[in-house]
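Just below is one structure, and these are the notes that go with it.
The values are calculated or read from the model by the stated rules, or taken from the named source; none is laboratory data. No experiment lies behind these values; they were computed from the predicted model shown. Every residue, glycine as well, gets a Cβ built from its backbone with ideal geometry; the counts of neighbours run over all protein chains shown.
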Amino acid sequence: MNRIDQRFADLKAAARVALVPYVTAGHPQPDATVAILHAAVAAGADLVELGMPFSDVMADGPVIQNAHERALAQGTGLEQVLDMVRDFRREDSDTPIILMGYANPIERRGAGRFAREAAEAGVDGLLIVDCPADEADELQGLLKAQGIHQIFLVAPTTTEHRLNHAARLAGGFVYYVSIKGVTGAASLDVESLAPMIKRVRARINLPVAVGFGIREPAQAAAVSATADAVVIGSALVDRLDGCSSVEEAVATVRDFLAPVREAMDNSAPVSIEDTARVT
Amino acid sequence: MVEQALKVEQQESLPDVGGHFGIFGGRFVSETLMPALEELDEAWRHYLKDPDFLAEMDRDLAHFVGRPSPLYLAENLTREVGGARIVLKREDLNHTGAHKINNTVGQGLLARAMGKRRVIAETGAGQHGVASATIAARLGMDCVVYMGAEDVRRQSVNVFRMKLLGAKVVAVESGSRTLKDALNEAMRDWVTNVDDTFYILGTVAGPHPYPAMVRDFNAVVGREARAQMLTEYGRLPDALVACVGGGSNAIGLFHPFIDDTEVAMYGVEAAGRGLSGHEHAASLCAGRVGVLHGSRTYLLDDDSGQIRHTHSISAGLDYPGVGPEHAWLKDCGRAQYVGISDSEAMEAFHALTRREGIMPALESAHAIAYGLKLAAELSRDKIVLINLSGRGDKDINTVAELEGIEF
């Protein structure tokens, strides 16, 4: 069983909403990444999303763009990202890892080769930001053969027929982009979430993660009321940007995520089924 | 008008409904942009068959842009070269000084028809930014132009022109600070402000429908040139030559000739300081297939798939990708793609200026340079038609700097 499926099954049984931090591999420095991931798990992360640096991150805002540029400048490419995953897996064989990035580096490595290497390294899911369901058939086949889920984004503007298309290919969970815009662009409107998530659930039978625009414990807690998972990216990456040592990065992750986890756990504990019914 | 609508319908055979030219093209964008692209696709298909829309566009092309642009026989250069006759399609005579206005008039009218109040654009040399600011001024729309900080420096005259026209110019400091980064930034703006904003993309790159739509708006160049050749020379040219950055002026010229298989097509890329290193912008000559800016195409990247910084003296050609239809034309062999170096382009810039009294844009000077080479190899009964896509006034600072001249 894919670790993502296992993890969401366990969370469901525990009536716990997943906390999913995003960090860019190699940022703020390459030797910090694995320590950051372990620190995130220790602080209550249930899944981790690891950004694969790319030179032209069209769908990301300035914070993540800067992180990618810094990571690239320090030599973090796809090969190094896979090494970091292998390294992480030495001490953590349970926490699902989702790689998130852009199509060209994977295309250059060869999608088939990448899928094999990623599976071998211990990757569980792949989210290619610039590969919507329309262009994903071939890649999806290659990933499926390796037991890797392809994660898709859905947006407030995603039409019914596009939801159906994504439903056919998606695995693991669905990543609901909660705002119009790039990562970190604006704050989330929690009120508008419930009807949208309901729409997604009606079409796609997978856990729904909400991301883009969640920066504070209170927001994460509010999102927990309707979503199965809360993704926090830019706000964390922004704090990591100021760290100048591995120790500092680890402390930053812990200090940032622990209150988020706490706020999520203290918000009205409803099970996923209840949430689905309420919305 | 009916004839034009029919022509457009025929052109719809490629790309397919998802925007693919063979393996190239498509829509490699974040899901957040997909609905906007679908809305645009629908509007474009609708209005290109709407007689009122087409009539207004034709009126603007005639009275605002100054079309048709003439064909000009470059007699002095023809004599000097001693080969094929050299004929120039004078897109440099258009309002705002380049072919870019053809597309911005079309997209500007489309933006208005779609009820958008704000337009954004990316620009390299500044020509597309100026053309976008121009149509925005005429249609009374807000306009924001994204321009790489390096290009802002190189093309300060065009930056000032855009500001005079009422546009806000945003200098993009990320990445290589050139056209590709401006495009990234424009996409970010669009995805954030998609409700009221129309993105006027300036070239035949990007996600579908841009490559096909920008082609259709620029194909007026080739349609005119084809008819003018038949009227003025009683025949089609033997070869077409056009410079290729993203490739809009080249596709505009090539497309109406695609079925005329006796007409050879040459796209001229910026070979910069030479194709052997990385200081060039020749994605078709020296690149490989990948995914950039929303489409699968030839591009310049390193072995880990990171997009390379490119180089050309011409800001408008300084782009690591290329329109997917060019990638397709290359692979199916219908068009050939060649490189012209910075110094060859400079030589051609001076040759056209001194011999014909026409100062070409540095982009177009690449096409002139290859056109002269090609004409020299061909016999006197042949005709080479070169797209003179823009005028060189915007480049005089660059030329002066290269030659160590201070004003």
(request) Enumerate the helices (runs of 4 or more DSSP H) found wholly within segment B:1-104, keeping only those where 3 or more residues are in the same structural domain as B:Leu385 (by TED's automatic domain parsing), at pLDDT 95 or above and buried (at least 16 other Cβ atoms within 10 Å of the Cβ). (result) B:75-81
(message) Pairs needed: first member in segment A:57-82, within 10 Å of chain B (Cβ to nearest Cβ); second member anywhere, in a helix (DSSP H, G or I) and among the acidic types (Asp, Glu); C-beta distance under 8 Å; at least 6 residues apart or different chains.
(response) A:Asn66/A:Asp241
(message) Quick check on this structure: which one of B:Val170, B:Val119 is outside any helix (DSSP H, G or I) and touching a residue at least 40 places away in the same chain (Cβ under 8 Å)?
(response) B:Val119
(message) Need the failing condition index for B:Val384 against (1) part of a helix (DSSP H, G or I); (2) more than 25 Å from B:Gly148 (Cβ to Cβ); (3) not acidic (Asp, Glu), just the number.
(response) (1)
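Select from segment A:115-139 the residues that are more than 14 Å from chain B (Cβ to nearest Cβ) and surrounded by fewer than 23 Cβ atoms within 10 Å (Cβ to Cβ) and list them in ascending order.
Hits for segment A:115-139 are A:Arg116, A:Ala119, A:Glu120, A:Ala121, A:Gly122.
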(request) Output the residues belonging to segment B:171-192 that are closer than 18 Å to B:Val322 by Cβ and charged (D, E, K, R). (result) B:Lys180, B:Asp181
(message) So if I check each of A:Gly61, A:Gly51, A:Gly44, which one is touching a Ser or Thr at 6+ places or on another chain (Cβ under 7 Å) and either polar (S, T, N, Q) or modelled with pLDDT of 95 or more (or both)?
(response) A:Gly51
(message) If I go through segment B:201-247 residue by residue, how many of them are farther than 24 Å from B:Val130 by Cα and buried (at least 24 other Cβ atoms within 10 Å of the Cβ)?
(response) 4
(message) For segment A:89-110, give me each residue that is within 14 Å of chain B (Cβ to nearest Cβ) and either basic (Lys, Arg) or surrounded by 20 or more Cβ atoms within 10 Å (Cβ to Cβ) (or both).
(response) A:Leu99, A:Met100, A:Gly101, A:Tyr102, A:Ala103, A:Asn104, A:Pro105, A:Ile106, A:Glu107, A:Arg108, A:Arg109
(message) Just to be sure I understand, how many residues within segment B:276-303 are surrounded by fewer than 21 Cβ atoms within 10 Å (Cβ to Cβ) and within 11 Å of chain A (Cβ to nearest Cβ)?
(response) 4
(request) Only helices (runs of 4 or more DSSP H) wholly contained in segment B:174-290 count here; list those with 2 or more residues that are more than 19 Å from the chain's Cα centre (by Cα), of a type in the set (D, E, K, R) and in the same structural domain as B:Arg117 (by TED's automatic domain parsing). (result) B:179-192
(request) Tell me which of these A:Thr157 doesn't satisfy, since it passes every other one: (1) hydroxyl-bearing (Ser, Thr, Tyr); (2) assigned to a loop (DSSP other than H, G, I, E, B); (3) in contact (Cβ under 8 Å) with a residue 24 or more places away in the chain. (result) (3)
